[in-house]
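The block underneath contains the structure these notes are about, expressed in structure tokens.
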Amino acid sequence: MFTEFLAETGGGFHQLAYWAEDFDSAMAGVADLPVIWSGGEDGGVRFAYVEPPTGAAIVEIMEL
């Protein structure tokens with residue numbers, strides 16, 4: 001994801017990050033957006049990167 005961004009743009013603003021007290025609720029709020037990377041389900045801090053419509057920055061949601 002990061003190397004694709006650099007190859008396409010040469011660098012710049014990539015993502016907005018949000019800490020969510022209720023990760024499941026936050027993810028339900030973006031359920032219509034494609035998840036392009038996620039992890040932490042195995043006991044770590046859960047996170048997900050979602051891709052909004054073209055032209056917007058990637059949104060990172062992390063469990064607080």
Checklist entry - Contour minus end-to-end for THR9 and TRP37, with contour as 0.36 nm per residue of separation and end-to-end as the Cα-Cα distance? => result 8.1 nm
Checklist entry - Among 31-39, 8-16, what's the highest-first ranking by average C-beta atoms within 10 angstrom per residue? => result 31-39, 8-16
Next on the checklist: Using helices alone, I'd like the mean residue ellipticity at 222 nm for the chain: each DSSP H run of four-plus residues gives -39500 (n - 2.57), total over residue count, nearest 500.
Outcome noted: -6000 deg cm²/dmol
Checklist entry - What full-extension length gain, to one decimal in nm, is calculated for VAL45 and SER25 as 0.36 nm per residue of separation minus the Cα-Cα distance? => result 5.7 nm
Checklist entry - Among residues other than LEU33 whose Cβ falls under 15 Å from its Cβ, what is the net charge (Lys/Arg +1, Asp/Glu -1)? => result -3
Item to check | Contact order normalised by residue count of the chain, Cα under 8 Å, 6+ apart, percent | outcome: 38
Item to check | Percent antiparallel among DSSP beta bridges (both partners in the chain, rounded to 5) | outcome: 55
Checklist outcome for this item: The answer for the net charge of residues other than VAL50 whose Cβ lies under 15 angstrom from its Cβ, with Lys and Arg +1 and Asp and Glu -1, is -4
Next on the checklist: Based on the alpha carbons, how large is the Rg to Rh ratio for the chain when Rh follows Kirkwood?
Outcome noted: 0.99
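Here, each number is a calculation from the coordinates, and none is a lab measurement. Predicted, not measured: the structure shown is a model, and the values here were computed from it. Ideal geometry is used to build each Cβ from the backbone, glycine not excepted, and the neighbour counts take in all protein chains shown.
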